[in-house]
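The values are calculated or read from the model by the stated rules, or taken from the named source; none is laboratory data. Here the structure is a predicted model, which is why all the values come from computation and not from measurement. With ideal geometry, Cβ positions are generated from the backbone for all residues, glycine too; neighbour counts draw on all protein chains shown. Surface accessibility is based on the protein's heavy atoms, side chains included, excluding ligands, DNA and RNA. Shrake-Rupley method; radii C 1.70, N 1.55, O 1.52, S 1.80 Å.
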Amino acid sequence: MKELVVEADGMNLPLVQAFVDEQLEEAGCPMLTQISIDIAVEEVFVNIASYAYGDTSGNAVIRVTVHEDPQTVEITFIDSGKQYDPLAKADPNTGLTLRERKKGGLGIFMVKKSMDNVSYEYKDILTIMKKLV
């Protein structure tokens, strides 16, 4: 397991993505899978940076664990901001036109669809998992 602690600020997204990409490259992650993971990481981190701390600031912890059998990456995001379970919200109705849809919720929906597993613990911990092969 490798861990990065950064201020939960959108300006730190490149640091977060570089950290995750380094672990994925060491694990031999295929490029298309890495792109999918990068999109999910961006969505989750930007949500933490935008909403977790309101007008104050705080840290985000990103943990990357690569499992061997099956080869899977587990990325855990931890913050101590406002408790919010992004998985509790209903998925958006993608059958509606953009004008008919309510704003928001599409990013987490994309994370749920692109990852093999997404879980939330009521300790402000969101974990995403993706098979590398």
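Quick one: which of 112, 103, 82 is part of a helix (DSSP H, G or I) and of a type in the set (Lys, Arg)?
Every option except 112 fails the conditions.
Residue under question is residue 45, and the condition is that it be over 22 Å from residue 3 (Cβ atoms), open to solvent by less than 80 Å² (accessible area, probe 1.4 Å), not in a loop (DSSP other than H, G, I, E, B) and not small (Gly, Ala, Ser); does it hold?
So residue 45 does not fit the description; no.
Just to check your reading of the model, which residue among 85, 55, 21, 91 is of a type outside the set (A, V, I, L, M) and either surrounded by 15 or more Cβ atoms within 10 Å (Cβ to Cβ) or touching a residue at least 60 places away in the same chain (Cβ under 8 Å) (or both)?
After applying the criteria, what remains is 21.
Filtering segment 101-133 down to residues that are over 18 Å from residue 43 (Cβ atoms) and at pLDDT 75 or above, which residue is surrounded by the most Cβ atoms within 10 Å (Cβ to Cβ)?
Residue satisfying both the conditions and the ranking: 132.
Within segment 28-42, which residues are in contact (Cβ under 8 Å) with a residue 40 or more places away in the chain and open to solvent by 20 Å² or more (accessible area, probe 1.4 Å)?
28, 30, 33, 36, 39
Find the residue count for segment 63-78, including only residues that are in contact with an Asp or Glu (Cβ under 7 Å, 6 or more places away or on another chain) and open to solvent by less than 20 Å² (accessible area, probe 1.4 Å).
Residues in segment 63-78 being in contact with an Asp or Glu (Cβ under 7 Å, 6 or more places away or on another chain) and open to solvent by less than 20 Å² (accessible area, probe 1.4 Å): 0 in total.
I'd like to verify a number: residues in segment 88-100 that are at pLDDT below 75 and in contact with a helix residue (DSSP H, G or I) (Cβ under 7 Å, 6 or more places away or on another chain), how many?
Looking only at that region, the number is 1.
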